[in-house]
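One structure below.
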Amino acid sequence: MSSSAPSLASGTTTTDRITYVIDTSVLLSDPSALKRFAEHDVVLPLVVVTELEGKRHDAELGYFARTALRHLDDLRVAHGRLDAPVPANDEGGTLHVELNHTDPSALPSGFRLGDNDSRILAVALNYANEGRDVTLVSKDLPMRVKAASVGLRAEEYRAELTVSSGWTGMVELDATSAELDALYDAGTLDLEAARALPCHTGVVLLGSSSTALARVTPDKELRLVKDRDAFGVHGRSAEQRVALDLLLDPSVGIVSLGGRAGTGKSALALCAGLESVLERRQHSKVVVFRPLYAVGGQDLGYLPGSEGEKMAPWAQAVFDTLGAVTSKPVIEEVMDRGLLEVLPLTHIRGRSLHDAFVIVDEAQSLERNVLLTVLSRIGQDSRVVLTHDVAQRDNLRVGRHDGVAAVVEKLKGHPLFAHVTLHRSERSPIAALVTDMLEDLGV
C-alpha cells in the first residue's frame with residue numbers, strides 16, 4: 001500500500017500521519033499488507049482477527065488467512081502485545097489490534113446493524129471523530145460504499161494492483177513481399193521488429209499485396225501460424241487462429257484467453273482439451289474448474305439436492321458450450337469414460353493435477369492469491385488454460401486490474417506462458433449487440 005499512501009516530507013509531524021483502518025478482505029488478498037503502509041498507522045479492528053480465524057479452513061482463502069494470522073503472531077512474539085502500536089516495518093509505520101472505539105452510537109441509526117462491517121465502520125468513525133486523519137481500506141466494493149456513506153474516506157487496497165498495459169497478445173507489423181515469401185517458404189522468419197515483442201505474441205504481417213499470421217518463438221523468431229483445427233473447430237479470426245496454435249502447442253504450459261462474452265474462449269479451450277485427450281493422447285482427461293460466484297449469489301451448500309445436482313447450474317454452461325461444437329453421443333461417451341470433469345474450484349484444495357488438461361473458466365472472478373494457488377496445483381505433464389472476461393466479474397473484491405489481469409502482466413513474455421484477447425463475437429447479432437451495449441454502459 002506504500003505506493004498509494006502519501007509520502008511524508010522531511011520534518012513533518014505526527015499530525016501528518018494517516019490512520020488506516022483495514023478490513024479482512026485486505027489481508028486475504030495480501031497477508032503481508034500490514035507492513036505496506038509506509039510510515040502510517042494501521043488499525044486492525046478485533047473483529048478482523050475473528051473473521052480471519054473463521055477463514056482458516058476455507059478451501060480457497062484458508063492459506064491466506066493462516067498466513068496473515070502468522071504475521072500477527074510474529075509481531076506478538078517480537079513485541080509482547082498488540083493492543084498498543086508496535087513497529088510494522090522499517091519506515092516508521094505502526095500496527096495495533098483495536099479493542100476499543102467500537103461504540104456504535106457514532107454511526108447513523110441505519111448502520112447500527114451489529115454485523116462485522118458495522119463494527120469495522122464504528123472503529124474508523126470513532127477514530128475520525130477524535131480528529132484523526134482516517135482512511136478505511138478494503139478490497140470489498142460494498143464496504144467502501146458504506147464507508148463513504150457515513151462520511152469516511154475509503155480506498156481500495158492497491159499495493160498488489162498492476163498497471164495494465166492493455167496488452168492483447170496480438171500486434172500488426174509491416175513486412176516486405178520478400179519477407180512474407182521467406183516466411184511461407186521456410187516457416188520461420190527473423191524480423192528485427194519482432195525481437196522486442198514478448199514470446200508467443202501473435203503477429204499479423206501486412207505486406208503490400210498479401211498478409212501472413214505468425215507468432216514470436218522463445219528464440220525471438222517468427223513462426224508461421226497455419227490453419228489448424230481442434231476437435232473439428234477452426235479459428236475464424238486471426239486471434240482465434242493464434243489461440244488454437246497456442247492451445248495445441250504442448251510447450252506452452254499456461255494459456256490465457258481473454259475477451260468478452262461470445263468470442264469463443266471456452267469453446268476453443270474445451271475443443272483443444274478434447275483434442276489433446278481423445279486424438280493426440282497427450283493427457284488423460286480434461287478438468288474444468290469454475291468458481292462458485294453465480295446463480296443469484298447462492299452458495300453451493302445452500303442449494304438443494306446432491307452435490308451433482310448442486311453443481312448442475314455451473315456444469316451446464318460447459319455442456320452447452322460442448323453441445324454447440326459436437327454431438328450429444330460424443331459428449332455422453334466422454335462423460336461415461338471419465339475423460340471430462342466439471343468441478344467447483346473448492347475441489348482443487350489438496351490436489352495435484354497430473355497428466356490433465358486443466359481449464360479454469362471465469363477466472364476473472366478469482367482473486368490474485370487464489371488464482372496463484374490454483375496454478376500451483378498443476379502437476380507433472382499437465383497444462384492449464386485460463387478463460388476470463390474482466391467485464392463480467394461476479395466477485396466484488398476483484399477489480400479490473402488485479403486478479404487474472406495482474407497474473408497476465410506478471411507472466412507476460414515467459415516461454416511457458418501465452419495470452420490472447422479475442423475480439424470477434426461468434427454469438428448471434430442480438431447477443432453481440434447487447435454485449436456492446438452493456439460495455440458502453442459500464443455494466
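Selection over the range 107-137 of residues that are in a helix (DSSP H, G or I) and not small (G, A, S) gives a count of 11. Take A124 and decide whether it is of a type in the set (A, V, I, L, M) and either free of Cβ contacts under 8 Å to residues at least 12 places away in the same chain or within 26 Å of K410 (Cβ to Cβ) (or both). No. Assess whether V26 counts as being of a type outside the set (F, W, Y) and crowded, with 22+ Cβ neighbours inside 10 Å. For V26, the condition - of a type outside the set (F, W, Y) and crowded, with 22+ Cβ neighbours inside 10 Å - is met.
Selection of the range 314-347 for residues being touching a helix residue (DSSP H, G or I) at 6+ places or on another chain (Cβ under 6 Å) and in contact (Cβ under 8 Å) with a residue 60 or more places away in the chain yields V325, L339, L340.
A quick yes/no check of all residues on (1) buried (at least 23 other Cβ atoms within 10 Å of the Cβ); (2) in the same structural domain as V404 (by TED's automatic domain parsing); (3) under 18 Å from the mean Cα position of the chain (by Cα):
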site: R337; (1), (2), (3): no, yes, no
site: R351; (1), (2), (3): no, yes, no
site: V370; (1), (2), (3): yes, yes, yes
site: S376; (1), (2), (3): no, yes, yes
site: G379; (1), (2), (3): no, yes, no
site: S382; (1), (2), (3): no, yes, no
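Among the residues here, A194 qualifies as farther than 30 Å from L322 by Cα, in contact with a strand residue (DSSP E or B) (Cβ under 8 Å, 6 or more places away or on another chain) and surrounded by fewer than 23 Cβ atoms within 10 Å (Cβ to Cβ). Evaluation of G169 against the conditions (1) crowded, with 18+ Cβ neighbours inside 10 Å; (2) not assigned by TED's automatic domain parsing to the domain that holds T211; (3) not aromatic (F, W, Y) shows that the sole unmet condition is (2). From the list D394, D402, D355, the one residue that fits, being modelled with pLDDT of 85 or more and not β-branched (V, I, T), is D355. One residue stands out among those in the range 242-294 that are closer than 24 Å to H414 by Cα and charged (D, E, K, R): the one that is modelled with the lowest pLDDT, which is K265. The condition (being of a type in the set (A, V, I, L, M, F, W, C) and free of Cβ contacts under 8 Å to residues at least 24 places away in the same chain) is satisfied by just one residue among V255, V216: V216. Scanning the range 222-252 for residues that are part of a helix (DSSP H, G or I) and not small (G, A, S) yields E239, Q240, R241, V242, L244, D245, L246, L247. Residues considered: A33, A88, A65, A59. Of these, the only one that is at pLDDT below 90 and under 29 Å from the mean Cα position of the chain (by Cα) is A59.
Whether any residue in the range 187-196 is among the hydroxyl-bearing types (S, T, Y), more than 27 Å from the chain's Cα centre (by Cα) and not assigned by TED's automatic domain parsing to the domain that holds R241 is what I want to check. Yes, because at least one residue in the range 187-196 is among the hydroxyl-bearing types (S, T, Y), more than 27 Å from the chain's Cα centre (by Cα) and not assigned by TED's automatic domain parsing to the domain that holds R241.
Within the range 104-118, the residues that satisfy the criterion of being in contact (Cβ under 8 Å) with a residue 12 or more places away in the chain and farther than 16 Å from P142 by Cβ are P104, A106, P108.
The values are calculated or read from the model by the stated rules, or taken from the named source; none is laboratory data. Just so it is clear, the model here is predicted, and its values are computed rather than measured. Every residue, glycine among them, receives a Cβ derived from its backbone with ideal geometry; neighbour counts consider all protein chains shown.
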